[in-house]
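Comments concern the structure below.
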Amino acid sequence: MSYTRSYQLFINGSWRNASGEAPIPVISPVTEKPIAAVASATAQDLDDALGAADRSGKAWAMLPPNQRGAILIKASKLLAEKIDAAAKDLSDEQGKTIAEATGEFKRTVETFEWNGTHAERLCAVSQIDQNRTIKPEPAGTVAAFTPWNYPAVLIARKLAPALAAGCTVILKGAEETPSAAVHIVEALEEAGLPDGVVNLVFGVPAKVSTHLLASPIVKILTFTGSTPVGKHLVKAAADNLQRCILELGGHSPVVVCEDADLATAVPAILEYKFECAGQSCNAPSRILVARAIYADFVARLTNAARAIKIGAPDDPATEMGPMANARRIEAMQRLVKDAVERGARLELGGARLDQEGYYWPPTILTEVSSDAKVLHEEPFGPILTVAPFDDIQEAIDQANATEYGLAAYFFTEQPETKEALANGLSAGAISVNFLKGVSADSPYGGIKQSGYGYEGGEHGFRSFQNLKLINEL
Ligand code: NAD
């Protein structure tokens with residue numbers, strides 16, 4: 001089969017085809033047909049990547065941090081120059097709108113820039129007292145596994161701090177959305193990154209991760225994806241005691257209190273929920289509303305969600321594109337069917353659009369039984385559940401009633417209520433009276449089954465360092 005575009009592996013500073021395996025097709029979420037193909041790494045390719053990362057490690061670690069930072073800053077500028085082309089490719093493969101894809105690449109640029117700018121400061125030695133020094137050192141070669149929902153910014157959040165800290169990286173990009181990884185690695189190459197410091201591979205995920213984690217060359221595993229896969233990778237990393245940073249799933253609540261300004265809350269929830277067709281780990285998925293305003297809230301939410309314009313991602317009028325792949329459509333069907341069979345009321349949506357493409361409309365469920373799968377499994381799609389609460393403790397208990405603990409949101413102006421919710425909600429990150437993605441300068445990490453470790457800011461940077469303690473009499 002011939003494809004219009006073929007994406008290659010980048011190993012030891014050269015782009016190349018895989019040494020044997022057949023390429024993997026990239027399917028358009030709009031046409032459901034192949035639009036490109038991506039090379040699938042063999043064991044030999046992965047060994048080559050490991051060797052290149054290992055050999056280039058010492059020189060990269062020895063390079064002064066400000067020089068490493070300068071390469072990242074240059075790469076961020078080069079990426080910014082080609083943002084329109086990169087966003088179009090991402091939108092074609094993933095299904096998010098051009099505006100969403102452009103926004104994602106802006107965050108990617110910002111992340112490379114932030115880590116480049118702070119490289120020198122975060123690699124500097126510090127004194128505990130006059131006899132004791134802390135010397136941060138690069139932790140070694142990183143195996144980074146990145147998913148298809150935000151394939152640009154989630155790469156940046158791993159790659160930029162790892163490189164700035166002086167680590168070499170073997171990056172597994174997402175096979176379903178390979179162009180983002182290719183654009184980023186091309187920018188680094190053009191910015192002067194030495195050969196072997198970043199190696200980009202694609203392939204059969206289980207084969208790639210098993211092979212890389214079996215190597216003692218790899219010192220750090222960083223992964224964004226589902227909780228079951230994260231647990232599987234931690235087990236594979238156990239033999240070599242690789243440090244693990246895991247950004248896993250979420251099932252984020254929004255608590256809407258009686259005093260909330262619904263004119264602000266409803267559009268804020270909808271805008272963040274339906275970005276990327278709901279396929280964000282920190283998208284809100286369960287809304288808990290004070291009973292006094294519950295009926296009004298459901299009516300406003302449903303009316304506003306009904307007005308969201310679904311369509312082709314490259315149509316500027318589109319507000320929500322298709323889902324990324326057929327697996328997500330099957331998951332939506334399964335979750336809605338299960339909830340309705342257990343007595344839920346379908347306020348809006350609930351069935352795939354009758355047209356070509358993986359289109360699933362905004363779906364709102366109320367009166368959802370507490371044992372429905374949609375309240376426990378990460379929906380990772382445009383489904384929202386809404387339920388009333390009678391007092392704040394009940395809201396906190398309901399909000400915390402999942403295994404996940406990534407993000408939580410609430411709307412209130414009352415200082416005591418704010419404090420009770422900020423203290424009571426079990427989540428790695430809480431946003432008050434707004435919903436927004438994380439910026440490059442702040443730490444972000446889940447608790448409970450949402451993972452551990454941090455990405456972003458100084459704490460994310462430190463994930464890729466060993467802190468050597470030097471004591472002197
Ligand atoms: P999946 O669990 O098969 O894969 C999730 C991600 O992990 C993909 O990027 C995949 O390539 C990768 N992966 C799978 N097996 C792997 C392995 N053995 N080694 C290395 N990487 C591996 O599911 P999916 O259908 O691709 O995605 C759906 C689920 O994944 C969602 O329900 C969601 O929970 C989760 N997910 C989460 C995020 C996030 O941002 N936290 C991103 C993508 C997917």
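The values are calculated or read from the model by the stated rules, or taken from the named source; none is laboratory data. No experiment lies behind these values; they were computed from the predicted model shown. All Cβ positions, glycine included, derive from the backbone under ideal geometry; neighbour counts span all protein chains shown. For accessibility, only protein heavy atoms count, side chains too; no ligands or nucleic acids. Shrake-Rupley method; radii C 1.70, N 1.55, O 1.52, S 1.80 Å.
Okay, here's what the table says:
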quantity: With all protein chains modelled, accessible area of Y150 [1.4 Å, Å²]; calculated: 20 Å²
quantity: Computed helical MRE - 222 nm, the chain, DSSP H runs ≥ 4 contributing -39500 (n - 2.57), nearest 500; calculated: -13000 deg cm²/dmol
quantity: Against the rule of thumb 2.2 N^0.38 Å, how large the Cα Rg of the range 94-138 comes out; calculated: 1.93
quantity: Of K273/K436; K33/K273; K273/K418; K96/K273; K309/K337; K82/K106, pairs whose Cα-Cα distance is over 18 Å; calculated: K33/K273; K273/K418; K309/K337
quantity: Anisotropy class of the range 252-432 from Cα gyration tensor, a/c 1.5 cut; calculated: prolate
quantity: The chain: angle of helix 227-238 to the longest principal axis, Cα-based, in degrees nearest 10; calculated: 30 degrees
quantity: Folded to 0 to 90 degrees: helix 326-341 orientation relative to the chain principal axis, Cα; calculated: 30 degrees
quantity: Eligible lysines near K58 by straight Cα distance, threshold 19 Å, same-chain separation 8 or greater; calculated: K135, K219, K468
quantity: Square roots of five times the Cα gyration tensor eigenvalues for the range 115-179, Å; calculated: 31, 11, 8
quantity: Under-5 Å amide H pairs with V38, H placed in peptide plane, nonlocal only; calculated: Y7, I24, V26
quantity: Options L50, A85, W60, ranked by Cα towards positive dipole end of the range 35-111, top entry (Cβ charges); calculated: W60
quantity: Solvent-accessible heavy-atom area per residue, rounded to whole Å², over the chain at 1.4 Å; calculated: 40 Å²
quantity: DSSP bridge orientation in the chain - percent antiparallel, rounded to nearest 5; calculated: 40 percent
quantity: The range 253-336, accessible surface, carbon-and-sulfur percent (1.4 angstrom probe); calculated: 52 percent
quantity: Nonlocal amide H pairs with V289, under 5 Å, H built at 1.01 Å; calculated: V256, A387, F389
quantity: Peptides 105-114, 53-62 ordered by average Cβ neighbours within 10 Å, highest first; calculated: 105-114, 53-62
quantity: C-alpha long axis of helix 43-62 to longest principal axis of the chain, angle in °; calculated: 70 degrees
quantity: Accessible-area order (highest first, 1.4 angstrom probe) of the listed residues V204, V298; calculated: V204, V298
quantity: Accessible-area value, D48, 1.4 Å probe, nucleic acids and ligands omitted, Å²; calculated: 50 Å²
quantity: Compactness of the range 157-259 - radius of gyration and Dmax, Cα, Å; calculated: 16.3, 58
quantity: Rounded to 5, percent antiparallel among DSSP beta bridges of the range 252-432; calculated: 10 percent
quantity: Long-range HN-HN contacts of D261 with modeled amide H, under 5 Å; calculated: none
quantity: Whole-number D in µm² s⁻¹ for the chain, Kirkwood Cα-pair radius fed into Stokes-Einstein, 4 °C, 1.567 mPa s; calculated: 56 µm²/s
quantity: Aspartates and glutamates whose Cα lies under 12 Å from that of K373, excluding same-chain neighbours fewer than 8 positions away; calculated: D338, E341
quantity: Relative contact order %, the chain, counting alpha carbon pairs below 8 Å whose residues are six or more apart; calculated: 18 percent
